[in-house]
Amino acid sequence: MANIYRSLLLVIAGATQKELARQIKYLKVENEILRTRIPGRVYVTPKERRRLVKFAMGLSAKAIKHLVSIVHPETVLRWVRESRKECKPRQKANRGRRQTPEQLRRLIRKMARENDWGYTRIMGELKKLGIKPPSRNTVKNILKQSGFDPGPKRGEGTWDDFLKRHAHSLWQCDFLSRRVVTWKGFRQVFVLAFLHVETRRVILSPATFKHDAAWAEVQANVFVNQARADGLRVARIMHDRDKMFSIAFDATLNRKRVKILRSPFCSPNINAYVERFVQSIKQECLDHFIVFGTQHMDYLCGQYLEYYHTERPHQDKENELLLRPERASPADRDDAGLPMLREVRCRSRLGGLLNSYSRRAA
């Protein structure tokens with residue numbers, strides 16, 4: 001096959017201009033005859049298309065219309081135009097308006113994240129800080145790209161907004177009940193749990209069989225005094241509409257300048273934080289024991305509460321402890337930078353039910 005192509009090239013190279021024209025005319029007629037023998041349309045592959053464009057690139061439009069028969073001549077002309085456009089070097093785009101500095105973008109996103117402001121208010125705050133704000137559309141686009149609504153929030157807001165706004169002074173309380181064994185048989189014992197929404201710290205009352213108005217009044221006084229002694233603000237306390245929350249309980253808190261918030265009807269998730277704590281102490285501790293009397297109940301609750309505050313990581317707080325003890329001195333580490341196994345100790349509570357790990361002090 002190679003010898004045939006070599007002979008053909010030698011014939012063409014030695015031919016005169018007139019003879020070359022006669023050969024091309026003959027090849028064109030032969031090609032037309034062959035095309036009549038092929039039924040239907042001829043489809044070319046991308047590779048064949050590139051070959052046709054390569055040899056048609058130096059021909060004029062008139063020559064292409066005269067020669068091409070495998071496809072429509074206009075198709076080959078279009079292929080040539082597209083190929084020239086792809087090969088043409090791209091011109092540098094106009095710079096246009098300069099982009100907003102990234103530091104200013106971060107400041108705009110910070111204001112939108114921490115407030116319910118629209119773009120107009122954010123522009124006013126930037127001007128107050130001595131920063132020339134970008135255009136209105138620029139601020140709006142920055143907010144939209146970051147997933148913020150460019151308009152201000154109207155109305156009373158959501159329940160999540162209320163919790164975030166008042167979390168530092170908001171408490172939730174609920175009753176924890178448990179059947180215990182006494183010398184009179186099984187009886188129901190009650191513990192009142194108070195939870196600070198921002199820090200998730202909990203205060204528990206002593207267990208009792210009789211949760212009357214006098215007992216509730218005492219617990220309300222003890223709770224407020226203990227919370228304020230621990231440096232936790234008490235401005236609002238929320239509880240459900242259970243009849244165990246007596247009028248005397250609410251009146252005592254009001255005298256302590258604490259506002260009472262009762263959860264609305266048919267709203268089971270409003271008091272969710274303290275109810276989640278009640279579920280945790282039951283599942284992780286109380287459900288594993290037969291409780292004998294109020295003293296045993298107080299001991300179990302006290303052990304769990306200390307574990308809950310100082311040893312148990314909390315997922316909602318990025319797996320940190322609520323009350324972090326003093327850090328141990330640096331321990332020996334292995335090649336991977338991890339503490340040596342002999343430096344890690346396990347502390348067990350309630351017979352190994354509650355375990356936590358820490359580094360041994362040097």
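Considering the stretch 314-359 alone, what residues qualify as being more than 28 Å from ARG200 (Cβ to Cβ) and either modelled with pLDDT of 75 or more or in a loop (DSSP other than H, G, I, E, B) (or both)?
SER329, PRO330, ALA331, ASP332, ASP334, ASP335, ALA336, GLY337, LEU338, MET340
Give the residues of the stretch 249-271 that are surrounded by fewer than 16 Cβ atoms within 10 Å (Cβ to Cβ) and in a helix (DSSP H, G or I), sorted by residue number.
ALA251, ASN254, ARG255
I'd like the full set of residues that are surrounded by 12 or more Cβ atoms within 10 Å (Cβ to Cβ) and either in contact with a Lys or Arg (Cβ under 9 Å, 6 or more places away or on another chain) or under 16 Å from LYS25 (Cβ atoms) (or both), limited to the stretch 45-63.
Scanning the stretch 45-63 gives MET57, LEU59, ALA63.
So is PHE223 touching a helix residue (DSSP H, G or I) at 6+ places or on another chain (Cβ under 6 Å), at pLDDT 90 or above, buried (at least 17 other Cβ atoms within 10 Å of the Cβ) and not aliphatic (A, V, I, L, M) or not?
In short, no.
Scan the stretch 282-295 for residues that are in a helix (DSSP H, G or I), over 43 Å from the mean Cα position of the chain (by Cα) and either within 16 Å of GLY351 (Cα to Cα) or not small (Gly, Ala, Ser) (or both) and report the count.
Qualifying residue count for the region: 2.
Against the definition (touching a residue at least 12 places away in the same chain (Cβ under 8 Å), assigned to a helix (DSSP H, G or I) and not small (Gly, Ala, Ser)), how does VAL191 come out, yes or no?
Answer is no for this residue.
Which members of the stretch 100-126 meet the condition of being over 22 Å from the mean Cα position of the chain (by Cα), assigned to a loop (DSSP other than H, G, I, E, B) and surrounded by fewer than 18 Cβ atoms within 10 Å (Cβ to Cβ)?
THR100, PRO101
How many residues are surrounded by fewer than 16 Cβ atoms within 10 Å (Cβ to Cβ) and either closer than 30 Å to ARG136 by Cβ or at pLDDT below 80 (or both) if we restrict to the stretch 72-99?
17
From the set of residues in the stretch 146-166 that are surrounded by 14 or more Cβ atoms within 10 Å (Cβ to Cβ) and either β-branched (Val, Ile, Thr) or modelled with pLDDT of 70 or more (or both), which is nearest to GLU102 (Cα to Cα)?
PHE148
When you check ARG255 against the structure, is it basic (Lys, Arg) and over 40 Å from the mean Cα position of the chain (by Cα), yes or no?
Spelling it out, ARG255 is indeed basic (Lys, Arg) and over 40 Å from the mean Cα position of the chain (by Cα).
The values are calculated or read from the model by the stated rules, or taken from the named source; none is laboratory data. The shown structure was predicted, so the numbers you read here are calculated from the model rather than taken from an experiment. Positions of Cβ are backbone-derived with ideal geometry, glycine not excepted, and every protein chain shown enters the neighbour counts.
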